[in-house]
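These notes concern the structure reproduced below.
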Amino acid sequence: MLLRDISGRQYILNLSHVFISCLLPIATANWQYKSRPDLSSPILNITVPPTSAVAPGYIFVAPYSAIREESSLPTGPLQPAPYIFTSTGDLVWSGFGYVGGLGANFQAATYQGQDVLFTFEGYLNNRRGHSHGHVKILNNNYETIKEVRSGSNHLLDLHEFKILDQKTALIGSYHPTPYDLRVFGLEDRSQWIIDAKLQEVDIKTGNVLFEWNSLDHVLPDETYPKPISTLWLGTGYNSSDAIDYFHVNSVDRDDYGSYLVSGRHTSTIYKINGTSGKIIWRLGGQYSNFSLGVGADFGLQHHVRFLSKSSHKDVEIISLFDNAGQDPSGKPESFTSAGKVLSLNTTSWRATLLQDFPNPDGKFSISQGSNQLLSNGNAFVNWGSGGAITEFDSDGTVIFHAYLESGELWKNGDVQNYRGFKFNWTGISPETPAVKALKHGKSTVLYVSWNGDTETRSWKFYGLDSEGKKRQLGQVEKGGFETSFIVEGQLAWNKYLAEAIDAAGKALVLSTEVTSEPYIHEYVSSKGDTVMEDWNISEGQNVLRAWN
């Protein structure tokens, strides 16, 4: 994967300003938010700031590090979890502590008439790239309302979860199965293979409405580009190292009840009859029913979706993320990953490239990835193992690009993200706003944040005197995840608190009262005891001061 940093600089977008800070090492992210020292979210390295053409909505990602060995160096993300960000890089919600284990495939959706979030929660087989766990559904108060598991005594995998008709879900699982593999050139010792399964389940009851098993329809000799006898997909010696010949990584259903299934290790997309389970057609791989036009080829693909069908039902439009590596052992510089939109004509049996959204740096994502077509015609592409996200306009122009970590945390790590999306979202935080009052000489700076809140537009700050009387000290516009307010002088305020105000001027919630604490300066060995702090005092005004 590409490891990328901008000459040691950290790009932080706050409101309408871009600040470039190279004074503090980003790796010391243990006090990123003064009001929430327990949170250390990724810092987006935004290399193409959002233009006015970006679609509205928030960014949904769940970055993690794929490093397998212990390292003495700090690596990012420090807190792998689902996250919601703005396009300017401000944190909206940290799911750290809400989701245990690996969080992945984090999205917003509608379930039973209410807006919800969902995320995979479980454990990753890092060697083979599949997982075991369940899907957690949360309401707009970030409260868990449902956990979804696979039916038929199978463990749910992270690769797919899609809510249909607000009541059912498409899921996948990886089921190790004993199998006679000698006919495919393997030795007697290789006896285990993964039977890739897709299910449509009723979310409320857990009932399985449809199930499809890859081994009933796709033989192990479809693996592409190399045969399973090379053991590149597992040895088959035991159930823990069963040969993953198919690797289902996305499932979709069209309006007519047919399913679209992506087999990464066959480099093939399958259309499945929703009643019989029979394969209607194959696209790509060894046995494609379609000839592929210029640019319509793909390999090791992810995130395939139905988009539309012509009135005569002979032309179907689909989208996908094309990892583009026909051979994972090949040289990465020879491949360029891309989001693609294809037209499939089932009269001429020709696949045609309609739109192409290539990696802005011409790089190859060996694994993972997604391609979301937005309602305004833009495309939001997540680069999987490349640890980056890009928004394109409909003409393919890059209008936003960011890496999912910055500085030393990026350089030392292997930041990846399975899928990334953009959604509208209204979040009502169940938490109490966090407030911290820190003394700086003759002044006190108040910091406030409210994890998950999307409705606050400004904050009112109050001081309480020795008799408990409350006086408003000021009101400032919300400044990203954390807003700060400076109280000059040494007035006798015993305690402080903050109040969230929405766009209509309505008070949402009052924080608890806090007393002031001395500011403990961060030790920086190369700077002596001088630390530069970036203050957000009010909208459009940022003061950089040195404290000695």
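Can we say Ser276 is within 26 Å of the chain's Cα centre (by Cα) and free of Cβ contacts under 8 Å to residues at least 24 places away in the same chain? Before the answer, list the steps.
Numbers: within 26 Å of the chain's Cα centre (by Cα): no; free of Cβ contacts under 8 Å to residues at least 24 places away in the same chain: yes.
Spelling it out, it is not the case that Ser276 is within 26 Å of the chain's Cα centre (by Cα) and free of Cβ contacts under 8 Å to residues at least 24 places away in the same chain.
Quick one: would you say Ile59 is out of contact with any Pro (no Cβ under 8 Å at 6 or more places or on another chain) and surrounded by 22 or more Cβ atoms within 10 Å (Cβ to Cβ)? Write out each step before concluding.
Working: out of contact with any Pro (no Cβ under 8 Å at 6 or more places or on another chain): yes; surrounded by 22 or more Cβ atoms within 10 Å (Cβ to Cβ): yes.
Against the criterion (out of contact with any Pro (no Cβ under 8 Å at 6 or more places or on another chain) and surrounded by 22 or more Cβ atoms within 10 Å (Cβ to Cβ)), Ile59 qualifies.
Counting only residues that are open to solvent by 20 Å² or more (accessible area, probe 1.4 Å) and either touching a Lys or Arg at 6+ places or on another chain (Cβ under 8 Å) or among the polar types (S, T, N, Q) (or both), how many does the stretch 392-415 have? Before you say what the answer is, go through the steps one by one.
To start, the set of residues in the stretch 392-415 that are open to solvent by 20 Å² or more (accessible area, probe 1.4 Å) comprises 393-398, 408, 411-412, 414.
Checking which are either touching a Lys or Arg at 6+ places or on another chain (Cβ under 8 Å) or among the polar types (S, T, N, Q) (or both) leaves us with 394, 397, 412.
So the answer is 3.
Residues are listed down the side, and each one gets a yes or a no for (1) free of Cβ contacts under 8 Å to residues at least 40 places away in the same chain; (2) within 24 Å of Lys478 (Cα to Cα); (3) of a type in the set (Lys, Arg):
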| residue | (1), (2), (3) |
| --- | --- |
| Phe60 | no, yes, no |
| Ala66 | no, no, no |
| Asp115 | no, no, no |
| Tyr123 | yes, no, no |
| Lys136 | yes, no, yes |
| Asn140 | no, yes, no |
| Glu143 | no, no, no |
| Gly151 | no, no, no |
| Glu160 | no, no, no |
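Can you list the strands (runs of 3 or more DSSP E) lying wholly within the stretch 454-543 that have 3 or more residues being under 18 Å from Thr444 (Cβ atoms) and at pLDDT 95 or above? Spell out the reasoning first.
Values: elements: 458-464, 470-477, 482-487, 495-501, 507-510, 516-518, 531-538.
Result: 458-464, 470-477, 482-487, 495-501.
Which one of Leu102, Leu124, Leu73, Leu24 is within 13 Å of the chain's Cα centre (by Cα) and either closer than 28 Å to Val514 by Cβ or modelled with pLDDT under 95 (or both)? Show your work before the answer.
Working: Leu124 fails: within 13 Å of the chain's Cα centre (by Cα); Leu73 fails: within 13 Å of the chain's Cα centre (by Cα); Leu24 fails: within 13 Å of the chain's Cα centre (by Cα).
Exactly one of Leu102, Leu124, Leu73, Leu24 is within 13 Å of the chain's Cα centre (by Cα) and either closer than 28 Å to Val514 by Cβ or modelled with pLDDT under 95 (or both), namely Leu102.
Residues being under 11 Å from the mean Cα position of the chain (by Cα) and aliphatic (A, V, I, L, M): count how many of those fall in the stretch 381-420. Don't jump to the end; show me each part of the working.
Residues of the stretch 381-420 under 11 Å from the mean Cα position of the chain (by Cα): 381-384, 387-389, 404, 416-420.
If we keep only those that are aliphatic (A, V, I, L, M) as well, we get 381, 388-389, 404.
Qualifying residue count for the region: 4.
If you take the residues of the stretch 91-113 that are of a type in the set (Gly, Ala, Ser), without any contact (Cβ under 8 Å) to a residue 60 or more places away in the chain and closer than 15 Å to Gly427 by Cβ, which of them is least open to solvent (accessible area, probe 1.4 Å)? Please lay out each step first, then the result.
As a first pass, look at the stretch 91-113 and keep what is of a type in the set (Gly, Ala, Ser): 94-95, 97, 100-101, 103-104, 108-109, 113.
Those still in the list that are without any contact (Cβ under 8 Å) to a residue 60 or more places away in the chain too: 95, 97, 100-101, 103, 109, 113.
In the following step, the residues that additionally are closer than 15 Å to Gly427 by Cβ were identified as 95, 109.
Working: Gly95: 0, Ala109: 24 Å².
Ranking the candidates gives Gly95 first.
Taking interchain pairs and intrachain pairs at least six residues apart, which have beta carbon atoms under 8 angstrom, with the first residue in the stretch 437-462 and aromatic (Phe, Trp, Tyr) and the second surrounded by 20 or more Cβ atoms within 10 Å (Cβ to Cβ) and part of a loop (DSSP other than H, G, I, E, B)?
These pairs meet every condition: Tyr447/Tyr33; Tyr447/Lys34; Tyr447/Ser35; Trp450/Ser429; Trp450/Pro433; Trp450/Thr456; Trp459/Lys478.
Looking at (1) among the charged types (D, E, K, R); (2) open to solvent by 10 Å² or more (accessible area, probe 1.4 Å); (3) under 27 Å from the mean Cα position of the chain (by Cα), which is the one condition that is false for Glu160?
(2)
The values are calculated or read from the model by the stated rules, or taken from the named source; none is laboratory data. Since the structure is predicted, the reported quantities are computational estimates derived from the model, not experimental observations. Ideal geometry is used to build each Cβ from the backbone, glycine not excepted, and the neighbour counts take in all protein chains shown. Side chains included, ligands, DNA and RNA excluded: accessible areas come from the protein's heavy atoms. Shrake-Rupley method; radii C 1.70, N 1.55, O 1.52, S 1.80 Å.
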